[in-house]
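S.K.: Following this message is one structure expressed as structure tokens.
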Number of protein chains: 2
Amino acid sequence: MSSMVLPATENLLETREINERSFSSDGKAHHQIYKVGIPPKQNLFNEFKATIKEAFFADEPLRHFKDQTKLRKLVLGIEAIFPILSWCRAYNLKKFRGDIISGLTIASLCIPQDIGYAKLAHLDPQYGLYSSFVPPLIYAIMGSSRDIAIGPVAVVSLLLGTLLSDEIDPTKQPEEYRRLAFTATFFAGITQATLGICRLGFLIDFLSHAAIVGFMGGAAITIALQQLKGFLGIKSKNFTTKTDIISVMKSIFKTAHHGWNWQTILIGASFLGFLLAAKFIGKKNRKYFWVPAIAPLISVVLSTFFVFITRADKHGVDIVRNIEKGINPSSVDKIYFSGEYLSKGFKIGVVAGLVALTEAVAIGRTFAAMKDYQLDGNKEMVALGAMNVVGSMTSCYVATGSFSRSAVNFMAGCQTAVSNIVMSIVVVLTLLFLTPLFKYTPNAILAAIIISAVISLIDFEAAILIWKIDKFDFIACMGAFFGVVFISVEIGLLIAVAISFAKILLQVTRPRTATLGKIPRTSVYRNTQQYPEATKVPGVLIVRVDSAIYFSNSNYVKERILRWLIDEEEQVKGDYQTKVQFLIVEMSPVTDIDTSGIHALEELYRSLQKKSIELVLANPGPVVIDKLYTSNFANFIGEDKIFLTVADAVASCAPKMAEDP
Amino acid sequence: MSSMVLPATENLLETREINERSFSSDGKAHHQIYKVGIPPKQNLFNEFKATIKEAFFADEPLRHFKDQTKLRKLVLGIEAIFPILSWCRAYNLKKFRGDIISGLTIASLCIPQDIGYAKLAHLDPQYGLYSSFVPPLIYAIMGSSRDIAIGPVAVVSLLLGTLLSDEIDPTKQPEEYRRLAFTATFFAGITQATLGICRLGFLIDFLSHAAIVGFMGGAAITIALQQLKGFLGIKSKNFTTKTDIISVMKSIFKTAHHGWNWQTILIGASFLGFLLAAKFIGKKNRKYFWVPAIAPLISVVLSTFFVFITRADKHGVDIVRNIEKGINPSSVDKIYFSGEYLSKGFKIGVVAGLVALTEAVAIGRTFAAMKDYQLDGNKEMVALGAMNVVGSMTSCYVATGSFSRSAVNFMAGCQTAVSNIVMSIVVVLTLLFLTPLFKYTPNAILAAIIISAVISLIDFEAAILIWKIDKFDFIACMGAFFGVVFISVEIGLLIAVAISFAKILLQVTRPRTATLGKIPRTSVYRNTQQYPEATKVPGVLIVRVDSAIYFSNSNYVKERILRWLIDEEEQVKGDYQTKVQFLIVEMSPVTDIDTSGIHALEELYRSLQKKSIELVLANPGPVVIDKLYTSNFANFIGEDKIFLTVADAVASCAPKMAEDP
């Protein structure tokens, strides 16, 4: 340990040294100031490479490929595309036990949900099951999350149903509607895979967490409202096709007198009570997580049996009636590759694909963080994209990771994506042998299952936390929420995206600035608002700019600094203190500057010159100092006006201050 | 001055004090560390008000209204809308001398330019003159720039001409074309005024300087190419209507054998030579700025006279022939307020209005900085908008500030907007009495004048500087340039905007991070890349995050920090040094954090915990520390893990390091 020097001891020695060299024998301050470092000039290609790397390959996907033989690289490459090849070698019976239990659990949860979600997308129930067969298999081979449960999900089903039925009426043209659904699914997959391959995965980061919370909550309410029709047994053909709360409520009350069916309500309400109770138990004691997980299947079995023996369907209780038997038929020839529906399918696919991606990546990240393994977002996107492209050719609609089923999967102790394979096999067996059993399942039960499922998408706690932490985020959250609930899913989504972007733009155009003061008994300069005890140095105004200075904010930054100066001057006038003679700009947080930024600094310098105030810069970073020299600005204001720290800069101003009466 | 304490002396005392309290008698370090300040909780309304104020009223437009009587406030309000009322009181003969000279100079420059620019917009020549009459008057009353010269400009004329002729053929339907032009002008004005009134002026900051340089250069070349037809005397009706260089060159060479007119070329070339020589003289010696300013008018007079006596128009030299006499007719009833052209005019107006605004605001700012007066961007926009709305009703097309004429105005010694009024009067007199004199003016002269005018829009020096300072900016610049030259004006503009946005997005999603080391002989920690001599503290990794942590980058920031850690661990393994035990995140530049950011920090903390590394934060700002406490993250990681400076944080880690072998 002899080579290690304790920093604290070193400080002791050094501060003395600084004091010694700062003051010579005549008592006047002579500064031997540490020069601001200018990083060695990089060549253009390296500079460019570094930027590209940081932008698109920030996670160094090729790190493992370094220093390997060619064959090994090939193997690693194949394993990178199909992670199953690498983890299956370490697979063992113990892991399989976890996977089979969790696989069976999510299968029991997904079967009734799938049937309900397919209805939400205005598709026949079997398409929901189809989408829980092929996509999970593909994901198991290509995906790298160990906990995600793949299949149709409520929000994407709702979104797809809304967007598709804006184009084609699903009751009048069911065949065309299905074809458009497959087309959209195909392009959703293409979008996802393209983003992954082009390493543009960071684009989905532009949907802020707050906006997603609001959007999900709104979607949950919209979905629950949609279920009221089935839940109340309303048969009216005039039921609104709109999804906003006002239209739906109007339709419901209009049918209150003659359209509601008490038997349906009775069945629905009692099983909803059962499901919610199961949910409550699961929440209270995590040991009983399987209670809410199998409650839906139990409800389906019980209610189906009940309807079958009472023949309640003859008393107006709506039943599923028919689910086609057999596994996914091919749908390759059904995708629109030409005609007007091509572009419509493409647009819908892009939107649905992005929303599905956001959900899947959020889930993947959450569980990866919990179990502490790394997920490559871009690779995940390729896997999700591939799975939807294959899905679109095998009669599936857009599948993604489901929040509720993934949580159950996790709690049931899943170890790898094998749990998805188990689920997929159970779904296939259901499709092959059990579909006739669903004939008497009342639709009200499906409605109850969906309502109880989407309720957990309304995240009150997150909304409260958002309110506490960031009011602007809360506006985004509420905007998305009310947009979905009162207008439509698309508008809600649009509001969420728009507010997220507005926040980014505001951040970029209006960076924070602060005046600094000296913290007593230190040589540290800090924000005077945060540390009211920090003292200003008379005659010196210290301003910190908290952002890179780019074209989008250069003008604001310049004007804001001048406004700090005006404020200071006004204050000084009142107090008869010394006039401001030095303006120190603390540049530590200024990570970059562009041509507009340099122009702004030049203009600032000129404005200050007219007021005989000297411009002093403190601690410009490597990129900034380089550009200050390249643009000749450093020589323009004088190299001796650039210091390593604010303390150095103040010290250089102070002697002149002393000579001035 | 007894209350003033010399900071340098104070430092001397204080550093000793720090040393004393850092080390007690037993030689071990006991830290009495300065607590990170938590700013007093603001109430919600104030917080919100502050955000809104900083976003939309950053320049405090109501500063002067404070502490005034109601009557005074009313007067100030009227003066704010019509600045002429406040400056005209201080107007005197000396100022008028400057204004009349500069006014006459820019009038002599604008008359031939106006005629040429109107042709660029596919309008009759008088419309160019109309647009130099009404808009400058309105601007003089409402605008606050003293140097800007208002009128039609080359780039906006080109843009308008291109966009309008995409909709209506100006030769076949001249009346409809004009009406659409007035409609577009109306909406250009509405757009500008709306941006100003809603205080959204900062939106135009999103067009980066680099993109503008490229766009202007490209537009200049396109305009010059357009002039070749008139310059070479080509009469072919099949001359391309496209503006890209390839189409235009093809058309020119196709007509080379029979379509060129040598007399036209002779006149055009000799006067172009004269104009360029005048420009050169003006550039060499700024005293002779008036030479290039009056050269165009001299060329017009000479060439007109020459054509008149030689009757060169009978030998194929194209002449202006007819400019309608009389001042602007009303065009209120010509604006499309309904029908399909309403929306087309609206769209074109918005684009043209924004481009015009960008130019005017850039000019206004440049000259305001040179003479050191403040310009309220939003108020300027209202003035420009009002002037174009009034213009659209008086047969004007979009007017804005002209670069070349404003520079001449400035150099001729203009004092106030009165120079615009003088110019406007001269234009009116021309319209009333002199238009018949332009009958024999050869079109080749107008082409030569426009070519010599737009040449200065190609700013080589700026492009070279951009290349030197920022390579990404240079790509934006070149993208816009080649987009305009090789494709079209709209595409070039689109590329400019897209690249500008891409840069902002890149900035927001990929903030810089750096590892810090200790600068020898100080207690200052700085970027190890910039200061290679900075020493790392063994066992401690110090990372600085250079941006607010928002949803758009939270995930990247977290992963980047973990990657720094992996890099460090790999290095340490090789050197058999101590394992990293502390990760200090320097948060000074982190000005804000949102819910996603807090989540990312939590995830970071958990990942570190699994590796038994402690997370330590240094110097979180006021907003961040507040949110760290509100979200309970501060208590989660331990309040004693948050320090005022990196040095304090390192000192707190060091003793534990020392005990550890």
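S.K.: In nm, give the distance between the simple-model label positions of B:ALA498 and B:ILE464, each being 7 Å from the Cα along the Cα-to-Cβ direction.
M.R.: Output for this residue pair reads 3.1 nm.
S.K.: Give the cross-link partners of A:LYS119 among the lysines, using a straight C-alpha distance below 21 Å as the criterion and excluding same-chain residues fewer than 8 apart.
M.R.: A:LYS172, A:LYS229, A:LYS235, A:LYS237, A:LYS242, A:LYS325, A:LYS334, A:LYS439
S.K.: Given the options B:ALA514, B:TRP467, B:PRO112, identify the residue whose Cα lies farthest towards the positive end of the charge dipole of chain B (+1 on Cβ of Lys, Arg; -1 on Cβ of Asp, Glu).
M.R.: Farthest towards the positive pole: B:PRO112.
S.K.: Just want the ordering: A:PHE186, B:PHE202, B:PHE57, A:PHE239, from fewest to most Cβ atoms lying within 10 Å of their own Cβ. Please list the in-between numbers first.
M.R.: Values: A:PHE186 27, B:PHE202 22, B:PHE57 14, A:PHE239 18.
Final ranking by Cβ density, sparse to dense: B:PHE57, A:PHE239, B:PHE202, A:PHE186.
S.K.: Pop out the Kirkwood hydrodynamic radius of the stretch A:303-417 from its pairwise C-alpha distances, inverse of mean 1/r, in Å to one decimal. Each step should come with its number before you reach the end.
M.R.: Values: mean 1/r = 0.0566 Å⁻¹.
Evaluated over the stretch A:303-417, this radius sits at 17.7 Å.
S.K.: Hey, what number do you get for chain B at 222 nm if only DSSP H runs of n ≥ 4 count, each worth -39500 (n - 2.57), divided across all residues, to the nearest 500?
M.R.: Taking each H run of at least 4 residues, the total per residue is -19500 deg cm²/dmol.
S.K.: Apply the Kirkwood formula to the stretch A:149-291: the hydrodynamic radius equals the inverse of the mean of 1/r over all pairs of different alpha-carbon atoms; give it in Å with one decimal. Can you show the working numbers first?
M.R.: Details: mean 1/r = 0.0542 Å⁻¹.
With all distinct Cα pairs of the stretch A:149-291 included, I get 18.4 Å.
S.K.: So, one more: Near B:ILE294, within a Cβ-to-Cβ distance under 13 Å, what is the net charge of the other residues, with Lys and Arg +1 and Asp and Glu -1?
M.R.: Here the count lands on +2.
S.K.: Just to confirm a number: summing +1 for Lys and Arg and -1 for Asp and Glu over residues other than A:LYS95 whose beta-carbon lies under 14 angstrom from that of A:LYS95, what do you get?
M.R.: Values: positive: A:ARG89, A:LYS94, A:ARG97, A:ARG146, A:LYS371; negative: A:ASP99, A:ASP147.
Net charge in that neighbourhood comes out at +3.
S.K.: Another question about this same structure. Relative contact order, percent, of chain A when contacts are C-alpha pairs under 8 Å separated by at least 6 residues?
M.R.: Relative contact order comes out at 21 percent.
S.K.: Less than 12 Å from a label point 7 Å out along the Cα-to-Cβ axis of B:HIS257: which backbone N atoms in the stretch B:222-246 qualify, by residue?
M.R.: From the stretch B:222-246, the list is empty.
S.K.: Roughly speaking, what % of Cα-Cα pairs in chain B are separated by over 31 Å, rounded to a whole number?
M.R.: Looking at chain B, the distances longer than 31 Å represent 62 percent of pairs.
S.K.: Just flag the trypsin sites (Lys or Arg not before Pro) in the stretch B:157-199 sitting in loop per DSSP whose Cβ has no more than 14 other Cβ atoms within 10 Å. Numbers along the way, then the final one.
M.R.: On the way: sites: B:LYS172, B:ARG178, B:ARG179, B:ARG199; in loops: B:LYS172, B:ARG199.
Hits after loop and neighbour filter: B:LYS172.
S.K.: A:LYS284 to B:GLU639: FRET efficiency via 1/(1 + (r/R0)^6), r the Cβ-Cβ distance, R0 35 Å, to the nearest 0.05?
M.R.: In this case the efficiency is close to 0.65.
S.K.: Just in the stretch B:464-505: which trypsin sites (Lys or Arg not before Pro) are loop by DSSP and have at most 14 other Cβ atoms within 10 Å?
M.R.: On the way: sites: B:LYS468, B:LYS471, B:LYS503; in loops: none.
Sparse-neighbourhood loop trypsin sites (Lys or Arg not before Pro): none present.
S.K.: For the pair A:LEU429/B:SER165, report the inter-label distance in nm, with labels modelled 7 Å from Cα in the Cβ direction.
M.R.: That separation, rounded to one decimal, is 7.4 nm.
S.K.: Modelled label-to-label distance, B:THR51 and B:ILE197, 7 Å Cα→beta-carbon offset: nm?
M.R.: According to this spin-label approximation, the distance is 2.6 nm.
S.K.: Another question, if that's okay. What list do you get for A:THR185, B:THR264, A:THR522 if you sort them by fewest beta carbons within 10 Å?
M.R.: Listing A:THR185, B:THR264, A:THR522 from fewest to most nearby Cβ atoms yields A:THR522, B:THR264, A:THR185.
S.K.: Expressed in nm to one decimal, what extension gain is obtained for the pair B:LYS325 and B:ALA269 from 0.36 nm per residue of sequence separation less their Cα-Cα distance? Intermediate results must be reported in sequence, preceding the final value.
M.R.: On the way: separation 56, 0.36 × 56 = 20.16 nm, distance 2.97 nm.
Computed gain between B:LYS325 and B:ALA269 is 17.2 nm.
S.K.: Still on this structure, I have one more. At 7 angstrom along the Cα-to-beta-carbon line, where would the label on B:LEU200 sit relative to the other copies? Give the distances in nm, shortest first.
M.R.: 2.5
S.K.: If one computes the Cα centroid of the stretch A:372-433 and of the stretch B:492-561, what distance in Å separates the two points?
M.R.: Between the Cα centre of the stretch A:372-433 and that of the stretch B:492-561, the gap is 36 Å.
S.K.: Using the number of other C-beta atoms within 10 angstrom as an exposure proxy, rank B:SER208, B:SER612 with the fewest first.
M.R.: Starting with the residue having the fewest Cβ neighbours, the order is B:SER612, B:SER208.
S.K.: For the stretch A:91-454, compute Rh as the Kirkwood radius over C-alpha pairs and then the Stokes-Einstein diffusion coefficient at 20 °C and 1.002 mPa s; write the answer in µm²/s, rounded to an integer. List each step's numbers first, then the result.
M.R.: Values: Rh = 20.5 Å.
D, rounded to a whole number, is 105 µm²/s.
S.K.: Please give the net charge around A:LEU437, taking every other residue with its beta carbon less than 14 angstrom from that of A:LEU437, where Lys and Arg add +1 and Asp and Glu add -1.
M.R.: +2
S.K.: From Cα pairs below 8 angstrom and at least 6 apart in sequence, can you work out the relative contact order of the stretch A:91-454, rounded to a whole percent?
M.R.: 44
S.K.: Which lysines, if any, have their Cα less than 27 Å from the Cα of B:LYS579, not counting same-chain residues under 8 positions apart?
M.R.: In chain and number order, the partners are A:LYS66, A:LYS371, B:LYS28, B:LYS518, B:LYS536, B:LYS558, B:LYS610, B:LYS611, B:LYS641, B:LYS656.
S.K.: Working out 0.36 nm times the residue gap between B:ARG311 and B:ARG606, then minus their Cα-Cα distance, what length gain in nm do you get to one decimal?
M.R.: The span from B:ARG311 to B:ARG606 would gain 97.2 nm if fully extended.
S.K.: Turning to a different aspect of this structure: Grab the Cα-Cα distance for B:ILE294 and B:GLU570, subtract it from 0.36 nm times how many residues apart they are, and report the gain in nm with one decimal.
M.R.: Extra length available between B:ILE294 and B:GLU570 comes to 92.2 nm.
S.K.: Starting from the Kirkwood Rh over alpha-carbon pairs, what translational D in µm² s⁻¹ does the protein assembly as shown have by Stokes-Einstein at 10 °C and 1.306 mPa s?
M.R.: Approximately 45 µm²/s, per Stokes-Einstein.
S.K.: Here's another thing I want to ask about it. Relative contact order of the stretch A:273-386: what whole-number percent is it, with Cα pairs under 8 angstrom and at least 6 residues apart?
M.R.: Working: 32 pairs, mean separation 12.5, N = 114.
Computed over the stretch A:273-386, the figure is 11 percent.
S.K.: Over the stretch A:361-432, what number does the Rg to Rh ratio reach, with both radii from the alpha-carbon atoms and Rh per Kirkwood?
M.R.: Rg/Rh: 0.98.
Read the figures in this text as sums done on the coordinates, not as results from a lab. What you see is a predicted model; the values in this text were computed from it and never measured. Please note: Cβ atoms are built from the backbone with ideal geometry, for glycine as well, and neighbour counts cover all protein chains shown.
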